[in-house]
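Values quoted throughout were computed directly from the atomic coordinates according to the rules given, and no laboratory measurement underlies them. Predicted model, so just to flag it, every value in this text is computed and none were measured. Glycine gets a Cβ as well: all are built from the backbone with ideal geometry, and neighbour counts include every protein chain shown.
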Amino acid sequence: MSLAPIGSVSALRAVAGAPVSGRFIAGTDYLHSVTVSAHNVDSEVTDSLTLRLFDDATGQLVAAAQRPTRFVTSAAPLIFPFAPLPDSSGKAYRFAIDTDAPASRVALDADDDGVQVQAQPEYGANLARLLDPWLSQAGQTLPPVPPAFERYLDRHVAECIRLKRFFFLRLAHLADAFGRIAEPVSTMCSMGAGVAYQEAFLAGRLPALQILATDAELKYQPFPMPNLRFEQLDLLDAPGEEQFDFVLSIECLEHIKDYRRAFRNQAARVKPGKYMYISVPFATREEQRDPELQRDAWELCEHYTPGFSFEDLEELFAENGFEVLHASNMFFVDVILPVRRLMETLGPGETEVASEALAQLLLLDLRTRRANSCRQAEGVRFLGRKAG
Amino acid sequence: MAHNARMLDAQVRADLEAGKYRFVDAGCGSGGSLDHCERRFNRRPGLGLDWYGADLDIAREHGFAVAHCDLKTIVLPHRSVDFVSMMDFLEHLPDVAATHRALEAFGRAARDFLFIRHPSFEDIDYLAPLGLKLAWTDWEAHPNMMRIEDYHRLFAALGWTDYIIIPDLPIRDSSHGAILPIDAPRDTEAYDEALHGPKRAITFDRVLHGKFDIFVRLNPSLPDEEWRAIATIQGWRSLWQSPGARKIRHDLHDRETRSSRFPPATQTDVHALTDALLWRAVAHAEAPTPATRDALAELVKACVMARPDGLLHFVHLLDAFNHATGARSVLAVGADAARTAAFLAARCPSIQVDLAPDPARGGYDFVAAIPSRSAALNWDTLLAAVKPGGWLYVAVSHDQDATRDVLDSAVCQLPYDSFLTANIGGALIAAGLDGLVAAIGEPASPEALADLVRLALLDLAPARGDSMAGPIGARYLIRRQRIGTEAA
């Protein structure tokens, strides 16, 4: 984890066991942590350190965080996470760190200039570019992240992570599929887009890509982007004449009783020689016959189809004149379950601080191997190319 | 129209015809044999061909040119490459007739020579009366167990008379890991005392060989000197490759077996996870008492908190130890190794752990060394500390070039006969775990501790994303030769 100094705190007494305090000016919005460099003089004495953060202008307490010191080792960065402060950039803050044990032997590193206090610089420029290796895997050159969109993309990815469930992973898998296309993609159409989390990210990261997001109901559109337009479209209606380089639907077909017709209509919107991506719940053919799975799929998710097998999708793609370029599972249980459980234990500040780490762990879901059961992996995705 | 996977892609065919590739590797799998041939024959690029898409994905991720096709029916452009390699491939074909077809096709495609590596099926009848077998001689995936006399007949039928067959992998006694008790289950990859029970200790009255390297010279104009340089196994006896010289692509072969032993992701007991990792060692150990369980959990927690890579070192070292069947004495060097060794000793009280070599022990069954970036180790001492038949485990980060060079130099001069390497700490998992632990601090519950271990276990089966980002280090598990086995 890279740490960037946000300012050194002078006149700070870094004596073991003594309270320390300081003042700094935040360099960014969404300040979410203060990190100090600490070391444990005597590991036999363990205590808890509490950081309190005050608005220097008003004296109001704006955040607090506590950390045990049992495993603090030499010069270890000790992070105090707290709920992000949206308008923190340029504001002065005062902090105090206290111990609950007078005999504490944890000291903060200091030199002649005082304690070096550090914080995560921003939401991480890395979040905006996190998916670049996948988006460019077939050798495409990505445009630089537009400065105007950098903060937006960072926030957008962080939001997808914070929302838990599958938001970030849907985006990651889509980026992986998109990046497998070795030729330029100028136009894209998304079916059943909802509020278009994935489409909005691609619109921001790839400003030259013209995206049409469609859904049977036009919903609230929280992501206005110049190259992202919305249109009402029922997948069961006959397709129009407009065709696209890349057509996708994410967890859409399972909600449609006549999914073959929906797939046919979706396929008709792809230009000859161009590409289609779908992701749907996974179930083997045998599992699809399981009444319990069928009932849960309907009652919990309103899925007419409890899941699709590789064979089902291979047939669908072949019937509609598509060559399958890539097929793999997604939402592997051994990845998503522990990450999800750990996320449940995190407070807002910890989630914020760990957003990049959580994203990296979730990216382990990008595997190529195939699962034998929906109990191993909950989703499946296909990328195909239309004949022509 | 859907793509016909049996046919070679038109672009690939065009590239072959245009002379883009120096050789074709039939049955390239995930790219290991492509890599081997590029280095061995110093000709590149090669084109790998295989049927299994998942393996090809891995090969592509490692930068190899590969294509999907049915090798039983493939037709390649005439004289389009210097040579065709078939490493551990022909035994997977249905029968000798299919082999004849394949050799004919590849013989037409190659200008200079064919290179075949074939496991030995010569000694089935010799070993059976001794109650033994070679591991690969009853694999379901080997329907075509051709012997050398079959090759002689095939080559004669094809009109090939200029060929060299060189036996390799000498096996002198039953201590070799590929020698199994004859009643070991079919498809067993290597001897495992915990699974297969004891096997007879026998020194064979002749040297068996595990494999043959076969070279067929197709181009009579190929200079003799060049042909001699090609048709040799000199310099290729050892599997050991300097980690500094190339990217490591091998992983411990029993990964899938091991992964299937892990409890499902719904399991939130850290002890179930670590016992699954150490299944050989704990198979005969008593269940831990509540006090021991608490102590073990504390040790795991200490590994978690030993940032940045303490937890990854923990799972990799336990995994390697589990591979080293029957080790009872352990020397652990380096803080990460010492922490994990303390866990081993607590879980399996019969295991003796030292943190510095004790001359009175007369060597160790398992020596684990995880050097820190700041502290160099005395490799000569460590290598000498491994008993004959014992194991050396080393984990180094990719920025420890000097350490690797010293290790290379030392190991290459010693009688070691088994080398297993794997990447350690895929970039995503290493950064992800470290960042997560930094953010949450000490795991607050046993369930959180188990979930962190569960995630670290994913590093034993690297994900695609990790291979794109690259690993942070490598591990080596090296077995010292057992010298002077018991007589029959």
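What the table below lists for this structure:
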item	result
Peptide-level mean, for A:341-354, of C-beta atoms on other protein chains within 10 Å	4
Protection proxy ranking, peptides B:428-440, A:339-351, B:301-313, average beta carbon neighbours within 10 Å, highest first	B:428-440, B:301-313, A:339-351
Within 10 Å of each Cβ in B:446-459, the average number of Cβ atoms from other chains	4
Charged-residue dipole, Cβ positions (Lys, Arg, Asp, Glu), the stretch B:10-230 about Cα centre, Debye nearest 20	600 debye
Kirkwood-Stokes translational diffusion coefficient of the stretch B:130-188, alpha-carbon pairs, 10 °C, 1.306 mPa s, µm²/s	115 µm²/s
Ratio Rg/Rh [Cα only; Rh per Kirkwood] for the stretch B:1-115	0.93
B:Tyr21, B:Tyr364 arranged by Cβ crowding within 10 Å, fewest neighbours leading	B:Tyr21, B:Tyr364
Spin-label model distance (nm) - A:Ser373 vs B:Arg172, 7 Å beyond Cα toward Cβ	4.8 nm
Low-density loop cleavage sites - GluC sites (Glu not before Pro) in the stretch B:122-151, where at most 14 other Cβ are within 10 Å (DSSP)	B:Glu140
For A:319-328, mean number of other protein chain Cβ atoms within 10 Å	2
Whole-angstrom gap from the stretch B:141-185 to the stretch B:311-379, using each part's C-alpha centre	38 Å
When the stretch A:204-359 is reduced to its Cα atoms, the Kirkwood hydrodynamic radius in Å	18.2 Å
Cα-based Kirkwood hydrodynamic radius, the stretch A:125-386, one decimal, Å	18.7 Å
Restricting the stretch A:342-388 to trypsin sites (Lys or Arg not before Pro) in coil, as DSSP defines it, with at most 15 other Cβ within 10 Å	A:Arg370, A:Arg375
Using a Förster distance of 30 Å, the FRET efficiency for A:Ser48-B:Thr266 (Cβ separation, nearest 0.05)	0.40
Burial ordering of B:Val84, B:Val75, B:Val96, fewest other beta-carbon atoms within 10 Å first	B:Val75, B:Val96, B:Val84
Cα-only radius of gyration and Dmax that characterise the stretch A:194-248, units Å	11.3, 31
Inter-centroid distance (Cα atoms) of the stretch B:7-66 relative to the stretch A:184-236, Å	39 Å
Built amide H within the under 5 Å cut-off of A:Leu366, gap 5+	B:Gly465
Ellipsoid equivalent to the stretch B:10-230 - semi-axes via the Cα gyration tensor, in Å	33, 20, 16
Charge dipole (debye, nearest 20) of the stretch A:125-386; +1 at Cβ of Lys and Arg, -1 at Cβ of Asp and Glu	480 debye
Estimated FRET transfer efficiency (A:Asp100, B:Ser350; beta-carbon r; R0 56 Å; 0.05)	0.85
